[in-house]
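The values are calculated or read from the model by the stated rules, or taken from the named source; none is laboratory data. Keep in mind that this is a model prediction, so the values were computed, not measured. Here the Cβ positions follow ideal geometry from the backbone for every residue, glycine too, while neighbour counts run over all protein chains shown.
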Amino acid sequence: MKINIKLLIGFIYSFCFIALMFLIFSKFQLQEITNINFVKNYQQIISDYKSRNETLLLTLFFIGGIIWVLLLGFASPLAIAAGFIFGKWIGTLVTILACSVGSVSLFILANLFLKEFIKKKLSSKINKFIKLFNKNEFLYFMLFRVTGGPGVPFAIQNVLPVIFNMKIKNYFFATLLGILPGVFVLSSVGSGLDKFINKFDKIKWDQLLYDPEIYLPLVGFVIIIILSIAIEKFFFNKKNYEK
């Protein structure tokens, strides 16, 4: 029986999203969720719990992040949530560690149980990347992560190195450093949202977008996109593939 890996990942994403939405809306109404006072109440509950059990909360978030990545989740929602709960610095640290450990765990499992399947399905589609990774797996995989994997979903990025037998140590540190810029920006957005909600009783989009805690990370995000395009054109161009 043939399995389409993109359909499989899409199905898992859809199932997790629907399950999450069902869990949320079975407990809360839409009017409650969009009410800033509702958000403030839960923000205060999390803050109070963090003040008493920050180490435990960090540990639970870290483990939850690993499981999320193992379930083919992506880093963006983790980074925003971590920034909202822990602030941009600790939020960035716990996110990159959770995503890196989760990615390595998924890579090891894929290498053990799905190696031939992944090679068969993906080798021909990413042949141009394989040539570069074989030159310098750490450098090119790190740049691959920085650029967001030029159109490749995060879950597929995590298992691609199975094809060229990447060393686990290189995989871990290339992922850790490669996702750092994007995670820091998104954690900063989450931290900015936390501070914004503390300052105002109502969400006003003009105030939100003009708040430096929000627009500066968004400017940083745009800069990362521009740099990613430049890196992609310089390092992942046709000349490098043919060398």
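Per-residue answers, yes or no, for (1) farther than 21 Å from Ala75 by Cβ; (2) touching a residue at least 60 places away in the same chain (Cβ under 8 Å); (3) among the polar types (S, T, N, Q):
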{"residue": "Lys128", "(1), (2), (3)": "yes, yes, no"}
{"residue": "Leu132", "(1), (2), (3)": "yes, yes, no"}
{"residue": "Val146", "(1), (2), (3)": "no, yes, no"}
{"residue": "Ala155", "(1), (2), (3)": "no, yes, no"}
{"residue": "Thr175", "(1), (2), (3)": "no, yes, yes"}
{"residue": "Pro181", "(1), (2), (3)": "no, no, no"}
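Of the residues making up segment 168-179, those that are buried (at least 19 other Cβ atoms within 10 Å of the Cβ) and within 15 Å of the chain's Cα centre (by Cα) number 5. Does Leu186 fit the bill of being of a type in the set (A, V, I, L, M), modelled with pLDDT of 90 or more, under 13 Å from the mean Cα position of the chain (by Cα) and within 19 Å of Leu70 (Cα to Cα)? Answer is no for this residue. Does segment 63-88 hold any residues that are without any contact (Cβ under 8 Å) to a residue 40 or more places away in the chain, surrounded by fewer than 18 Cβ atoms within 10 Å (Cβ to Cβ) and closer than 15 Å to Ser105 by Cβ, and which are they? Selection gives Ile63, Gly64, Ile67, Leu70. Considering only residues of segment 113-167 that are on the phi > 0 side of the Ramachandran plot and buried (at least 17 other Cβ atoms within 10 Å of the Cβ), which is modelled with the lowest pLDDT? Checked segment 113-167; the qualifying residue modelled with the lowest pLDDT is Gly149.
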